[in-house]
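Undergrad: After the structure tokens below, expect a handful of questions from me.
The values are calculated or read from the model by the stated rules, or taken from the named source; none is laboratory data. Treat the numbers as computed from the prediction; the structure is a model and nothing was measured. Here Cβ is always computed from backbone atoms with ideal geometry, including for glycine, and neighbour counts include all displayed protein chains. Each accessible area value is taken on the protein alone, full model and side chains, heavy atoms only, with ligands, DNA and RNA left out. Shrake-Rupley method; radii C 1.70, N 1.55, O 1.52, S 1.80 Å.
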Amino acid sequence: MLRGVPDPALVAERDEPFTVLAFGAHPDDLDFGAAGTLAAWAAGGADVHYAVMTDGDAGGFDPAHRGEIVAMRRDEQRAAASRVGVREVHFLGYRDGFLEPSHEVQRDVVRLIRLVRPDVVLAMHPERNWKSLQMSHPDHLACGEAVTRGIYPAAENPYAFPELEEAGLASYRVPWLWLYGAPEERVNHAVDITAQVEAKLEAIRVHLSQHPDIAATERYVRARLEATAASAGMAPGASAEAFHVVAVNAPETIAGF
């Protein structure tokens, strides 16, 4: 475990508000990747925001849903987020399958970071996982890269995207970046979510447009959570989510280093 990492179980003990901004490429990414940890933070009193970067318009399996898939997936994401205590879901509205870490996307990331001013930002990992190519959808990689670039240096540089500063969104130094969906060799932190597994699964079940065999999906998710906990040395039967945690602005951080 990493020294100083914000423990979801200790959020309620803080004197000041604790705020989380969690980015996913598509509706349902956050629920699969980090909903247990986010549920634990929310239960402790944290102010949790979801930011969904694409509309998920290329998702789904039923041709009859084509005309309404964007609205359907937004509704599913809002409902899933409510299951784990998320305060607000922000939709950036990019096209599914076309997300890039462009300056336009980075500006949207910086805008949200400066608006929400989170203690922790979560995002998908920007490195490809060759053991599970499905976890490395190009949009997932773009999500992680855009958020990482947005956090440093743009979010904390008042002269980056000056139009945001002029609109009253002052520069902000993000303390922590938590990346989910990381290649195994990058994982450096696991969160015990045994008490939050049912909330996580309830959130995943809401995304019916994406997972017609929900029983198989549940079995897969439970097995992965238990395997993650075992790899982290947790008690038999425990469930965990894994992260690559980066201290962006720790107390000893010097600007530019």
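Undergrad: Could you tell me which of the residues Leu169, Leu122 is more than 17 Å from the chain's Cα centre (by Cα) and touching a residue at least 24 places away in the same chain (Cβ under 8 Å)?
TA: The conditions single out Leu169.
Undergrad: Can you name the residue in segment 220-239 that is touching a residue at least 12 places away in the same chain (Cβ under 8 Å) and of a type outside the set (Gly, Ala, Ser) and is also surrounded by the fewest Cβ atoms within 10 Å (Cβ to Cβ) among such residues?
TA: Arg222
Undergrad: Just to be sure I understand, how many residues within segment 159-179 are more than 12 Å from Arg114 (Cα to Cα) and basic (Lys, Arg)?
TA: Total satisfying the criteria: 0.
Undergrad: Next question, about the same structure. Considering only segment 1-44, state which residues are of a type in the set (D, E, K, R) and either modelled with pLDDT of 75 or more or in contact with a Lys or Arg (Cβ under 8 Å, 6 or more places away or on another chain) (or both).
TA: Asp7, Asp28, Asp29, Asp31
Undergrad: Kindly indicate whether Val116 is surrounded by fewer than 21 Cβ atoms within 10 Å (Cβ to Cβ) and among the β-branched types (Val, Ile, Thr).
TA: yes
Undergrad: Going by the structure shown, is Pro212 touching a Gly at 6+ places or on another chain (Cβ under 9 Å) and open to solvent by 60 Å² or more (accessible area, probe 1.4 Å)?
TA: No; evaluated as a whole, the condition is false for this residue.
Undergrad: Of the conditions (1) under 21 Å from Phe18 (Cβ atoms); (2) assigned to a helix (DSSP H, G or I), Ala227 fails just one. Which one is it?
TA: Going through the list (1) under 21 Å from Phe18 (Cβ atoms); (2) assigned to a helix (DSSP H, G or I), Ala227 breaks only (1).
Undergrad: Additional query: Give segment 180-190 a look and list any residue that's open to solvent by less than 10 Å² (accessible area, probe 1.4 Å) and touching a helix residue (DSSP H, G or I) at 6+ places or on another chain (Cβ under 6 Å), or say none.
TA: If the condition is that a residue be open to solvent by less than 10 Å² (accessible area, probe 1.4 Å) and touching a helix residue (DSSP H, G or I) at 6+ places or on another chain (Cβ under 6 Å), then Tyr180 is the only one that fits.
Undergrad: Of these, Thr253, Thr217, which one is among the polar types (S, T, N, Q), at pLDDT below 95 and surrounded by fewer than 17 Cβ atoms within 10 Å (Cβ to Cβ)?
TA: So the residue among Thr253, Thr217 that is among the polar types (S, T, N, Q), at pLDDT below 95 and surrounded by fewer than 17 Cβ atoms within 10 Å (Cβ to Cβ) is Thr253.
Undergrad: Do the conditions hold for Ala146, that is, is it farther than 19 Å from Gly24 by Cβ and of a type outside the set (Ser, Thr, Tyr)?
TA: no
Undergrad: Still on this model: Looking only at segment 178-196, decide whether some residue is outside any helix (DSSP H, G or I), over 22 Å from His140 (Cβ atoms) and modelled with pLDDT of 95 or more.
TA: yes
Undergrad: If you don't mind, another one. Are there any pairs with C-beta distances below 7 angstrom linking a residue in segment 82-96 that is at positive phi to a residue that is assigned to a strand (DSSP E or B), with the two at least 6 apart or on different chains, and if so which?
TA: Gly85/Val48
Undergrad: Conditions: (1) at pLDDT 95 or above; (2) crowded, with 22+ Cβ neighbours inside 10 Å; (3) of a type outside the set (Gly, Ala, Ser); (4) in contact with a Pro (Cβ under 7 Å, 6 or more places away or on another chain). Arg149 meets all but one. Number of the miss?
TA: (2)
Undergrad: Which of the residues spanning segment 152-177 are surrounded by 18 or more Cβ atoms within 10 Å (Cβ to Cβ), of a type outside the set (D, E, K, R) and in a helix (DSSP H, G or I)?
TA: Within segment 152-177, Ala154, Ala155, Leu164 qualify.
Undergrad: Also, quick follow-up: As an exercise: evaluate Asp139 against (1) part of a strand (DSSP E or B); (2) of a type outside the set (Phe, Trp, Tyr); (3) crowded, with 21+ Cβ neighbours inside 10 Å and give the number of the one condition it does not meet.
TA: Only one criterion is unmet by Asp139, namely (1).
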